[in-house]
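S.K.: The structure's right below; bear with me while I get my questions together.
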Amino acid sequence: MTSHDGFETLAIHAGQEPDPLTGAVVPPIYQVSTFKQDGVGGLRGGYEYSRSANPTRTALEQCLAALEEGTAALAFASGLAAEDALLRTICSPGDHVLIPDDAYGGTYRLFARVLAGWGLSHSVVPMSDLGAVREQLAARPVTVVWAETPTNPLLNIADIRGLARAAHEAGALLVVDNTFASPYLQQPLVLGADAVVHSTTKYLGGHSDVIGGALVVADADLAERVDYVRNSTGGVPGPFDAWLTLRGIKTLAARMDRHCRNAMRVAQMLAEHPAVTEVFYPGLPSHPGHKTAQEQMRAFGGMVSFRVLGGEEVAVRVCGRTRLFTLGESLGGVESLIEYPARMTHASVAGSPLEVPADLVRLSVGIEDCDDLIDDLRQAL
Ligand code: PLP
């Protein structure tokens with residue numbers, strides 16, 4: 001690939017040269033655990049054992065690094081495995097991290113219930129408020145500022161450039177979870193972040209058929225250190241999972257354009273619906289992060305959340321009444337999903353500073369015919 005190849009070209013070709021042996025235009029699934037050595041230590045292409053490296057995984061990693069404009073990418077068995085390996089690499093017992101006041105429930109659980117037990121403390125900060133972040137950074141030494149933008153499930157927007165500046169001035173690293181945007185809509189490393197994490201389970205995979213995670217970094221030394229931890233702890237994806245993710249990535253740009261268009265129309269409809277009290281979508285000019293989103297994102301994504309009149313009971317009922325929006329966790333697939341965060345994806349933040357409203361419904365707007373999606377939501381409401 002040349003340095004001026006566009007995103008769509010990289011998504012289809014980066015790391016995916018036709019197979020030199022057979023000419024296969026798609027990287028083969030190297031479904032193998034070990035590799036023949038030509039004499040002790042005589043590795044062909046550097047491969048010895050698939051926990052350490054596997055050619056299908058390498059293809060995925062090269063593609064991800066190109067899409068995020070990073071130096072290196074590492075693929076993992078899940079988004080949380082990527083987060084865990086990164087944090088174990090860059091933090092030590094006694095360190096302090098800043099985490100968002102709105103984030104995926106599983107990420108909060110990792111910080112609050114797992115890593116806290118190993119001596120990693122945290123403060124919860126609204127990452128969309130740079131002043132509040134700077135105040136926390138001035139209050140004590142901080143190792144990592146962890147941001148999600150847009151956030152899950154309230155679609156808050158953080159200013160990545162501003163956060164990177166604030167974190168670096170305080171000697172901290174900025175990590176951005178880019179799952180909701182995908183590299184097609186937003187490239188945090190280009191905006192100054194030190195590391196990007198993904199649940200590739202979502203838009204990158206794009207078809208609700210594989211669990212995976214990734215980490216992309218600018219600094220080759222950091223990549224090597226995380227790779228050491230990954231190889232030591234083993235949270236790697238299998239070759240077929242890597243292949244499915246790579247296959248999904250080929251259509252990422254086309255899918256995202258459609259997700260964004262459909263989500264904008266759904267958000268506009270909900271904003272005018274009498275049974276809806278508040279809509280969270282950064283594409284709406286009324287959203288507090290709209291301007292920042294416009295500056296750092298290509299478009300506003302496929303996720304929409306909203307609150308309903310009548311509270312918890314009505315929210316739960318709406319989630320059970322849709323025909324096309326399937327009731328289920330996860331997001332980012334071609335099919336539309338609906339869920340009730342308080343008891344599903346965000347059950348683990350109940351009683352914490354990240355607790356989500358009881359009248360909240362979250363949508364992952366798919367790429368179906370948008371008129372059908374709007375009809376479905378109207379009848380459910
Ligand atoms: N980050 C975000 C924003 C998510 O929504 C999720 C999962 O829903 C994760 C990370 C964790 O990813 P995984 O489920 O692949 O471990």
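S.K.: Does the stretch 183-209 hold any residues that are within 11 Å of the ligand (Cβ to nearest atom) and either over 9 Å from the mean Cα position of the chain (by Cα) or not in a strand (DSSP E or B) (or both), and which are they?
M.R.: Thr200, Thr201, Lys202, Tyr203, Leu204, Gly205
S.K.: Let me ask something else about it. Looking at the stretch 64-100, which of the residues that are out of contact with any strand residue (DSSP E or B) (no Cβ under 6 Å at 6 or more places or on another chain) and within 11 Å of the ligand (Cβ to nearest atom) is farthest from Leu120 (Cα to Cα)?
M.R.: Ranking the candidates gives Ala77 first.
S.K.: Give just the number: which of (1) farther than 19 Å from Thr107 by Cα; (2) in contact (Cβ under 8 Å) with a residue 12 or more places away in the chain does Asp221 not satisfy?
M.R.: Against the list (1) farther than 19 Å from Thr107 by Cα; (2) in contact (Cβ under 8 Å) with a residue 12 or more places away in the chain, Asp221 comes up short only on (2).
S.K.: Looking at this structure, is Asp375 within 24 Å of Gly205 (Cα to Cα), of a type in the set (Asp, Glu) and at pLDDT 95 or above? Break it down into steps so the answer makes sense when it comes.
M.R.: Values: within 24 Å of Gly205 (Cα to Cα): no; of a type in the set (Asp, Glu): yes; at pLDDT 95 or above: yes.
For Asp375, the condition - within 24 Å of Gly205 (Cα to Cα), of a type in the set (Asp, Glu) and at pLDDT 95 or above - is not met.
S.K.: I'm trying to understand the selection: among the residues of the stretch 158-170, which are within 16 Å of Val196 (Cα to Cα) and part of a loop (DSSP other than H, G, I, E, B)?
M.R.: Those that are within 16 Å of Val196 (Cα to Cα) and part of a loop (DSSP other than H, G, I, E, B): Ala158, Asp159.
S.K.: Which ones in the stretch 227-245 are more than 16 Å from the ligand (Cβ to nearest atom) and surrounded by 17 or more Cβ atoms within 10 Å (Cβ to Cβ)?
M.R.: Asp227, Val229, Pro239, Trp243
S.K.: For the stretch 17-32, which residues satisfy the criterion of being surrounded by 10 or more Cβ atoms within 10 Å (Cβ to Cβ) and either touching a strand residue (DSSP E or B) at 6+ places or on another chain (Cβ under 7 Å) or polar (S, T, N, Q) (or both)?
M.R.: Of everything in the stretch 17-32, just one residue is surrounded by 10 or more Cβ atoms within 10 Å (Cβ to Cβ) and either touching a strand residue (DSSP E or B) at 6+ places or on another chain (Cβ under 7 Å) or polar (S, T, N, Q) (or both), namely Gln31.
S.K.: I'm checking my understanding of the structure. Among residues of the stretch 321-341 that are closer than 17 Å to Ala181 by Cα and either within 11 Å of the ligand (Cβ to nearest atom) or outside the structural domain of Met264 (by TED's automatic domain parsing) (or both), which one is surrounded by the fewest Cβ atoms within 10 Å (Cβ to Cβ)?
M.R.: Ser330
S.K.: Then there is this: Filter the stretch 336-355 down to the residues that are closer than 21 Å to Gly213 by Cα and out of contact with any Leu (no Cβ under 8 Å at 6 or more places or on another chain) and list them by number.
M.R.: Within the stretch 336-355, Met344, Thr345, Ser348 meet the criteria.
S.K.: Now for a separate question. Read through the list (1) assigned by TED's automatic domain parsing to the domain that holds Gly70; (2) free of Cβ contacts under 8 Å to residues at least 60 places away in the same chain, then give the number of the only condition that Asp241 fails.
M.R.: Of the numbered conditions (1) assigned by TED's automatic domain parsing to the domain that holds Gly70; (2) free of Cβ contacts under 8 Å to residues at least 60 places away in the same chain, the odd one out for Asp241 is (2).
S.K.: Test Asp194 against the stated conditions and say whether it is in contact (Cβ under 8 Å) with a residue 24 or more places away in the chain, acidic (Asp, Glu) and not assigned by TED's automatic domain parsing to the domain that holds Ala263.
M.R.: Taking the combined requirement at face value, the residue satisfies it.
S.K.: Name, by its number, the condition in (1) assigned to a helix (DSSP H, G or I); (2) at pLDDT below 95 that does not hold for Gly41.
M.R.: Going through (1) assigned to a helix (DSSP H, G or I); (2) at pLDDT below 95 one by one, Gly41 breaks only (1).
S.K.: Scan the stretch 155-168 residue by residue and report those that are in contact with a Leu (Cβ under 9 Å, 6 or more places away or on another chain) and crowded, with 24+ Cβ neighbours inside 10 Å.
M.R.: Hits for the stretch 155-168 are Ala158, Ile160, Leu163, Ala167.
The values are calculated or read from the model by the stated rules, or taken from the named source; none is laboratory data. The shown structure was predicted, so the numbers you read here are calculated from the model rather than taken from an experiment. Note: ideal-geometry Cβ built from the backbone for every residue, glycine included; neighbour counts use all protein chains shown.
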